[in-house]
Amino acid sequence: MKEKYGTITFRILLLVPILTGVFLADSWILPQQNTRDVVVAYRNIEVGGGKFNRSKIPAGCRFFTQNNHSFSLEGAFVNQPDVMLAYSPIFKNVTAVKSDAEDYTKYLISGINGACLWFVAGLSVSAIGSLLLMGCYKNLSENGFINIILFNGLVAFYTIYLLLLHN
């Protein structure tokens, strides 16, 4: 299995830190664009519910603006419709939300913020560690190789789930 899937696994794991670097550079290094916008709609984000558990747990609120921006907040609600948004230039992720009365940036969970940031960082560190293991140990066992695939796949699944939930 390692001989058959080793090179493709290495290439996929190599893409993870590169994509993470692009997203982080877009969010934190490149100059942000600011715009004044109006919140026109919102919906509650709820998790849970299913076959055996009907209760849903609130996970935040998703807000939609007049200029087709959207962002999610956890633990806060925007009471005033006029907001000032800062967003990234490449992927248009909202990085800051302010109204005349309050700064909501610390409650922001959409994009690579909040728990998503920690899962993206964990996935990147895991991918780099796996690349080092695959590069340094030529006689890596089949079990070790499968563990690399499964662990990185699990962390990637959780990360994609959080990104889809909050974005």
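The values are calculated or read from the model by the stated rules, or taken from the named source; none is laboratory data. Given the structure is predicted, the values throughout are model-derived calculations rather than measurements. Backbone-built Cβ (ideal geometry, glycine too); neighbour counts: all protein chains shown. Remember, those area values only see protein heavy atoms, side chains included, never the ligands or the DNA or RNA. Shrake-Rupley method; radii C 1.70, N 1.55, O 1.52, S 1.80 Å.
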Do we have V38 as crowded, with 16+ Cβ neighbours inside 10 Å, farther than 28 Å from T20 by Cβ and at pLDDT 90 or above here?
-> no
Regarding S88, is this residue open to solvent by less than 80 Å² (accessible area, probe 1.4 Å) and touching a Cys at 6+ places or on another chain (Cβ under 8 Å)?
-> no
Would you be able to say whether some residue in the stretch 38-60 is in a strand (DSSP E or B), within 19 Å of D103 (Cα to Cα) and among the charged types (D, E, K, R)?
-> no
If a residue has to be over 20 Å from F71 (Cβ atoms) and of a type in the set (S, T, N, Q) to count, how many in the stretch 11-36 make the cut?
-> 1
For the stretch 128-157, what are the residues that are surrounded by 15 or more Cβ atoms within 10 Å (Cβ to Cβ) and under 16 Å from the mean Cα position of the chain (by Cα)?
-> N152, V155, A156
Output the qualifying pairs, or none if there are none: Cβ atoms under 9 angstrom, residues six or more apart or on different chains, first residue in the stretch 14-26 and under 12 Å from L123 (Cα atoms), second residue part of a helix (DSSP H, G or I) and open to solvent by 70 Å² or more (accessible area, probe 1.4 Å).
-> V16/I128; P17/V125; P17/I128
Residue satisfying all of: in the stretch 91-106; in contact (Cβ under 8 Å) with a residue 40 or more places away in the chain and open to solvent by less than 70 Å² (accessible area, probe 1.4 Å); farthest from the chain's Cα centre (by Cα) among these | A96
Members of the stretch 51-102 that are out of contact with any strand residue (DSSP E or B) (no Cβ under 7 Å at 6 or more places or on another chain) and farther than 16 Å from V38 by Cα = K51, F52, N53, R54, G75, A76, I90, F91, K92
Please go through the stretch 11-35 and pick out each residue that is open to solvent by less than 90 Å² (accessible area, probe 1.4 Å) and closer than 15 Å to I112 by Cα.
-> V16, P17, T20, G21, V22, F23, L24, A25, D26, S27, L30, Q32
Here is a list of conditions, (1) touching a Ser or Thr at 6+ places or on another chain (Cβ under 7 Å); (2) open to solvent by 30 Å² or more (accessible area, probe 1.4 Å), and G60 meets all of them except one; can you say which number that is?
-> (2)
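For the stretch 29-58, name all the residues that are touching a residue at least 24 places away in the same chain (Cβ under 8 Å) and of a type in the set (F, W, Y).
If the condition is that a residue be touching a residue at least 24 places away in the same chain (Cβ under 8 Å) and of a type in the set (F, W, Y), then Y42 is the only one that fits.
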Please specify each residue of the stretch 68-85 satisfying the condition of being over 11 Å from E102 (Cα atoms) and open to solvent by 10 Å² or more (accessible area, probe 1.4 Å).
-> N68, H69, S70, E74, G75, P81, D82
